[in-house]
Structure formats: C-alpha cells, structure tokens
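Down below is the structure, laid out as structure tokens.
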Amino acid sequence: MIRDRGVALRYATALFGAAVKRGEMERVLEDTQALLALHRSDSTLQNFLEAPNLLDSDKDELLERTLRGRITDLVLQFIRLMLRKKRVQHLPLVYDHFRRMVEDALGQLRAIVTTAVPLDDALGARLRAALERTTGKQIVLDARIDRRILGGVVVTVGGKILDGSVRYRLDRLRDELLQVRVA
C-alpha cells in the first residue's frame, strides 16, 4: 500500500502542476471531487475501468462519450493517461492527494467534524470560526454522522483529534471508576 500511495502522490502532483499551469486548479478540484463522490456512491465506473477483460479502446470510448463536456479536458486527459499506464485503480487516492494540495495552495485546512446528529448551520459556523482562529487557516468542514459517539463532537484537524464526545467522556469516567479502590 505504501507504494500505491507513492504512485498516487506522483500522479496527483503532476495533475496539480498541470491544473495550476492552465489556471484551472479549482475547476479541476470540482471535477475530481465529483468523480470521487461518484466512485464512493457507486463503483461501477471504476470497476469498468479496472476490468482486465475489456479493451482499453472500449474504456476510452466510454470515457469520451460519458465525460466529454461534463468535466474539464485536463481531467479527461488525465483519466485516459491513468488508463493507458494501467494506474486507474489509484484514481481515488490521487483525487484525495490532489484535493489536499489544492486546499494547501488556497490556505485551507480540512476539519472532519463527527457528531451523533446532523450539525446545524449555526453551530457549524461557530465551530468553523473557532477552528479558523485557532489554526490561522480557512477551515473546510467535512461533517460526518456517527451515532456511536452518543453526543458531543469529535474534530480531526491538522493531524490532531479533539474528542468532546459523550462516548469519550463515559469511557474516561468508567476508567476512573475502575481505578478507585473500595475498602
């Protein structure tokens, strides 16, 4: 897997350089985000592109018919390159690396915010503002729901985890109670 990350990073770096050179960085990001969302919701396209029993020309033709005019030419050319180089299986990881590069170039930092219930707009705005004051960067919130945390919020930002969940507090309380010696 480490080698896969290296391959994906090299391709993402190349895509980033080409997007910056063409002045299409944000548009390419939109396209790659849409393709990644498609991949995560339905892996049919990815499975088709990775199918070893199909001709690359058939795959290329499908890409041309389905994506031409819907995504930038750069992204379409990039996917075709990945297909020719037999690296199409790395596309989701390439998109992730590319997104991080663009966010870094724009002075943005992604914060993964996990709550037990959907995060309302007002709380999201207050949380974003607090994180921006703390980090000095523009925060992009990536809201997720995980009912297992029971309540509160878990924020992952800049490699740090800030756990204010009810589950974490209950686990800590349990650990403290287990350490109490009763005479």
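Tabulated data
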read-out: Subset tally (residues that are of a type in the set (A, V, I, L, M, F, W, C) and in contact with a Lys or Arg (Cβ under 7 Å, 6 or more places away or on another chain)) for the stretch 49-74; value: 3
read-out: LEU170 out of contact with any Asp or Glu (no Cβ under 6 Å at 6 or more places or on another chain), over 15 Å from ILE112 (Cα atoms) and open to solvent by less than 100 Å² (accessible area, probe 1.4 Å); value: yes
read-out: Selection status of ASP171, at pLDDT 90 or above, part of a helix (DSSP H, G or I) and on the phi < 0 side of the Ramachandran plot; value: yes
read-out: Positions within the stretch 84-136 being part of a helix (DSSP H, G or I), open to solvent by 30 Å² or more (accessible area, probe 1.4 Å) and farther than 29 Å from GLY23 by Cβ, in sequence order; value: GLN89, ASP121, ALA122, LEU123, ALA125, ARG126, LEU127, ALA129, ALA130, ARG133, THR134
read-out: Tabulated pairs, the stretch 70-95, first within 14 Å of LEU36 (Cβ to Cβ) and without any contact (Cβ under 8 Å) to a residue 60 or more places away in the chain, second surrounded by fewer than 17 Cβ atoms within 10 Å (Cβ to Cβ) and of a type in the set (Lys, Arg), C-beta under 8 angstrom, 6+ apart or interchain; value: PRO92/ARG40
read-out: Subset of the stretch 137-156 that is among the hydrophobic types (A, V, I, L, M, F, W, C) and over 19 Å from the mean Cα position of the chain (by Cα) - its residue that is least open to solvent (accessible area, probe 1.4 Å); value: ILE149
read-out: Residues satisfying the stated conditions in the stretch 31-52, i.e. among the aliphatic types (A, V, I, L, M) and either more than 13 Å from the chain's Cα centre (by Cα) or closer than 18 Å to ARG87 by Cα (or both); value: LEU35, LEU36, LEU45, LEU49, ALA51
read-out: Candidate set from the stretch 1-50 (those that are of a type in the set (Lys, Arg) and free of Cβ contacts under 8 Å to residues at least 60 places away in the same chain); member that is nearest to ASP142 (Cα to Cα); value: ARG40
read-out: Some residue of the stretch 32-41 being in a loop (DSSP other than H, G, I, E, B) and at negative phi; value: no
read-out: Qualifying residue in the stretch 57-67 (condition: within 13 Å of HIS90 (Cβ to Cβ) and either in contact with a Pro (Cβ under 7 Å, 6 or more places away or on another chain) or of a type outside the set (Phe, Trp, Tyr) (or both)); value: no
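The values are calculated or read from the model by the stated rules, or taken from the named source; none is laboratory data. Every value quoted in this text rests on a predicted model; they were computed, and no experiment measured them. Cβ sites come from the backbone with ideal geometry, for glycine too, and all protein chains shown count toward neighbours. Ligands, DNA and RNA are excluded from the accessible area calculation, which covers all protein heavy atoms including side chains. Shrake-Rupley method; radii C 1.70, N 1.55, O 1.52, S 1.80 Å.
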